[in-house]
Amino acid sequence: MAGAALEVRNLCFGYGDVPVWEDVSFSLAPGQVAFLTGPNGAGKSTLFRCLAGWLEPNEGEVLLAGKPFTGRSRLVPGTLAFVPDVPSFYDDLTAAEHIELVLAANRAEAARPRAERLLERFGLTGHESLLPSAYSRGMREKLALVLALTLRPRVLLLDEPHGPLDREASLVLSEELAAVAREGSAVLLSCHHDVPGLVPDVTLSLRDATLSQER
Ligand SMILES: Nc1ncnc2c1ncn2[C@@H]1O[C@H](COP(=O)(O)OP(=O)(O)OP(=O)(O)O)[C@@H](O)[C@H]1O
């Protein structure tokens, strides 16, 4: 697809000799929202890890904004953000310090008001001086989402982001995802159930080691 934000070509991956999925191909244009569905164990998290460069596929290629991308690629700030199924944080940095770190590492000082607005929207304002280890699971998910959404990356990968969120926060997330998509981010998120308040442009379904696409 010309001008794709994310393009995946003939990707295959297995842990050892056991293939998880084979010949996975799809692309997302800027501004598209895609849902990734499939039963437990179908390989959704594995696919996210390959797309984010955390795992190396056995075959195939990932292109970000038209350029081949692997875990060894030097990533231009603002290109990709990934929130895994269980977000991890630095043990001894507070939530506020995580925000400072992400703003500095991405040369994104101008995005500070956006970070503050997102903290407010997700109900984390007033909790910024805590370590993420002192947060609930839902609060940690919200913090990871704030960090990713603050950057408005060209490609946003979210592994079951609505899972730990209450309904109110799920609706906030859906609104924020629709907003970043309108600004041009391509969004890929996995889910097991309907997502409140968000309709995908594309649904990708992983089953029996094969990816299929509905529009
Ligand atoms: N580190 C690992 N080593 C070996 N096998 C793994 C590893 N991680 C996952 N698997 C296997 O790969 C397959 C896909 O797992 P994955 O976590 O990607 O599925 P999923 O679709 O995200 O599942 P869920 O919906 O339960 O989150 C499963 O059979 C799982 O047992």
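Worth a mention:
- One residue from 30, 39 being in contact (Cβ under 8 Å) with a residue 60 or more places away in the chain, open to solvent by 40 Å² or more (accessible area, probe 1.4 Å), more than 16 Å from the ligand (Cβ to nearest atom) and not in a strand (DSSP E or B): 30
Yes or no, residue by residue, for (1) touching a residue at least 40 places away in the same chain (Cβ under 8 Å); (2) surrounded by 13 or more Cβ atoms within 10 Å (Cβ to Cβ); (3) part of a strand (DSSP E or B):
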| residue | (1), (2), (3) |
| --- | --- |
| 177 | yes, yes, no |
| 181 | yes, yes, no |
| 194 | no, no, no |
| 205 | yes, yes, yes |
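- Within region 42-58, considering residues that are touching a helix residue (DSSP H, G or I) at 6+ places or on another chain (Cβ under 9 Å) and away from the ligand (no atom under 12 Å from the Cβ), the one most open to solvent (accessible area, probe 1.4 Å): 56
- Considered as a group, the residues in region 59-76 that are surrounded by fewer than 16 Cβ atoms within 10 Å (Cβ to Cβ), outside any loop (DSSP other than H, G, I, E, B) and touching a residue at least 24 places away in the same chain (Cβ under 8 Å) include one that is farthest from the chain's Cα centre (by Cα), and that residue is 59.
- The number of residues in region 115-146 being open to solvent by 10 Å² or more (accessible area, probe 1.4 Å), part of a helix (DSSP H, G or I) and among the acidic types (Asp, Glu) comes to 2.
- Only one entry of 149, 157, 189 meets the criterion of being under 16 Å from the mean Cα position of the chain (by Cα), aliphatic (A, V, I, L, M), crowded, with 21+ Cβ neighbours inside 10 Å and in a helix (DSSP H, G or I), and that entry is 149.
- Criterion (of a type in the set (S, T, N, Q) and in contact with an Asp or Glu (Cβ under 7 Å, 6 or more places away or on another chain)) met by exactly one of 129, 190: 190
- The set of residues in region 91-114 being touching a helix residue (DSSP H, G or I) at 6+ places or on another chain (Cβ under 8 Å), open to solvent by 40 Å² or more (accessible area, probe 1.4 Å) and not charged (D, E, K, R) consists of 93 alone.
- Residues in region 189-212 that are within 16 Å of the ligand (Cβ to nearest atom) and closer than 21 Å to residue 168 by Cα: 189, 190, 191, 192, 193, 194, 195.
- Looking across region 13-27, the residues that are part of a strand (DSSP E or B), near the ligand (Cβ under 9 Å from one of its atoms) and surrounded by fewer than 19 Cβ atoms within 10 Å (Cβ to Cβ) come down to 14, 15, 18.
The values are calculated or read from the model by the stated rules, or taken from the named source; none is laboratory data. Being a predicted model, the structure only gives us computed values, none of them experimental. So basically every Cβ, Gly included, is an ideal-geometry build from the backbone, and we count neighbours across all protein chains shown. For the accessible areas, the whole protein counts, side chains as well, though only heavy atoms, and no ligand, DNA or RNA atoms are used. Shrake-Rupley method; radii C 1.70, N 1.55, O 1.52, S 1.80 Å.
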